[in-house]
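For reference, the structure discussed in these notes is given below.
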């Protein structure tokens, strides 16, 4: 989740006897301990005197046994923060995001709303929604229903947890980041290089761009589908034998070495998923804002010469540009803190260790939670700043209901929507 739940991946330093891999993807982080000398059978792995779990604090519970050997959510997350945020608040965010983004897709898929810009916005809404939908069953099971302290089994369940809670959300969130960058680039072309917009911002080109982004996001996460495996592990849990999942890295990862694999993966992620997109979006936002201010000056001048036609076109184009600036700004506000902490982590784990990882985990958990909370905001932005979006929404969900009750029909009068100077339908 937001989550990608923005789901950021994260390595802790490698010690001599224990490799701790910490993965934080869209609000979810994972600590997998691998002890090569440990066997698949351990009589006292989770022996705690057969006392109830409630008699222990989280720290006591995790330090009093070998729960780091197998998949145990209580010992993988800052549970005091994760449980209220992902167990009690996240279900409401999931419902809100699902409803809001579904409405966005329905409205933008209408015939008169199909434009290159709207297609990108629709793809962003779908990616954000899937980022939260895939891990939702596990968040309910682990946090809402309070099963996080139980060892997860069988192996298939552990694999599903990894894929649905870590890898797939990260894939969709990565695609959403690149789609946001594509949206900003597209709008920059419309506003600052209008003559080439008719060539570069056509519907076929935009559809190809969306396909390329989807393929790139999948390829980026493909190693995460294959970099670890879960094997059955027998332990004693609360007084009885229990089969749990022990995490091991795949042979090919060990062959290329953990340092080489994770340095390559996280180096690529930091540069191309966080640093370059966020920096580019800041620059494009500044350029778009300056262009919009210049357009406002042109609008005042044109109003004196032609108060009806050209002035209206510039006003409509300005409204669309301002709305997209707000969308990108909201994205940057929640993404930049996560990118900063990730970069600091990479520096701390490769050059000089200075981070307190307990605090870093809490900060990233909270940051990812705010990323999830930002997903429904776009619907409010569209409704508040786009006249055509409001009109189409009213036509679909308000006037149609009233008309059906009155036995009359209603149809949106702007079939093709108003046109801007670049021949793009205003959102």
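With the structure loaded, tell me whether residue 342 is modelled with pLDDT under 90, surrounded by 16 or more Cβ atoms within 10 Å (Cβ to Cβ) and under 20 Å from residue 187 (Cα atoms) or whether it fails that test.
In short, no.
So, residue 255, is that one surrounded by fewer than 18 Cβ atoms within 10 Å (Cβ to Cβ), assigned to a helix (DSSP H, G or I) and at pLDDT below 90 or not?
Taking the combined requirement at face value, the residue does not satisfy it.
Table: residues versus (1) at pLDDT 85 or above; (2) in contact with a helix residue (DSSP H, G or I) (Cβ under 6 Å, 6 or more places away or on another chain); (3) assigned to a helix (DSSP H, G or I).
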position: 334; (1), (2), (3): yes, yes, yes
position: 359; (1), (2), (3): no, no, yes
position: 381; (1), (2), (3): yes, yes, yes
position: 384; (1), (2), (3): yes, no, yes
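For the condition crowded, with 21+ Cβ neighbours inside 10 Å and at pLDDT below 60, what is the one hit in 46, 72, 101, 40?
Residue meeting the stated conditions: 46.
How do the helices (runs of 4 or more DSSP H) wholly within segment 117-222 filter down when requiring 2 or more residues that are buried (at least 24 other Cβ atoms within 10 Å of the Cβ) and at pLDDT 95 or above: which remain?
168-192
Being assigned to a strand (DSSP E or B) and surrounded by 13 or more Cβ atoms within 10 Å (Cβ to Cβ): is that true of residue 247 here?
On the way: assigned to a strand (DSSP E or B): yes; surrounded by 13 or more Cβ atoms within 10 Å (Cβ to Cβ): yes.
Here the answer is yes, as residue 247 does meet what is asked.
Would you call residue 304 modelled with pLDDT of 90 or more, over 22 Å from the mean Cα position of the chain (by Cα), part of a helix (DSSP H, G or I) and on the phi < 0 side of the Ramachandran plot?
no
Based on what the data block shows, is residue 290 surrounded by 14 or more Cβ atoms within 10 Å (Cβ to Cβ), farther than 29 Å from residue 369 by Cβ, more than 27 Å from the chain's Cα centre (by Cα) and modelled with pLDDT under 90? Break it down stepwise before answering.
On the way: surrounded by 14 or more Cβ atoms within 10 Å (Cβ to Cβ): no; farther than 29 Å from residue 369 by Cβ: yes; more than 27 Å from the chain's Cα centre (by Cα): yes; modelled with pLDDT under 90: yes.
The answer is no for residue 290.
Is there any pair with a first residue in segment 85-99 that is on the phi > 0 side of the Ramachandran plot and part of a helix (DSSP H, G or I) and a second that is surrounded by fewer than 22 Cβ atoms within 10 Å (Cβ to Cβ) and at pLDDT 95 or above whose Cβ atoms are under 6 Å apart and which are 6 or more apart or on different chains, and what are they?
Sorted first by the residue in segment 85-99, then by its partner, the list stays empty.
Does residue 318 satisfy the criteria of being at pLDDT below 80 and within 26 Å of residue 384 (Cβ to Cβ)?
Yes; evaluated as a whole, the condition is true for this residue.
The values are calculated or read from the model by the stated rules, or taken from the named source; none is laboratory data. Since the structure is predicted, the reported quantities are computational estimates derived from the model, not experimental observations. Note that we place each Cβ from the backbone using ideal geometry, even for glycine, and neighbour counts take in every protein chain shown.
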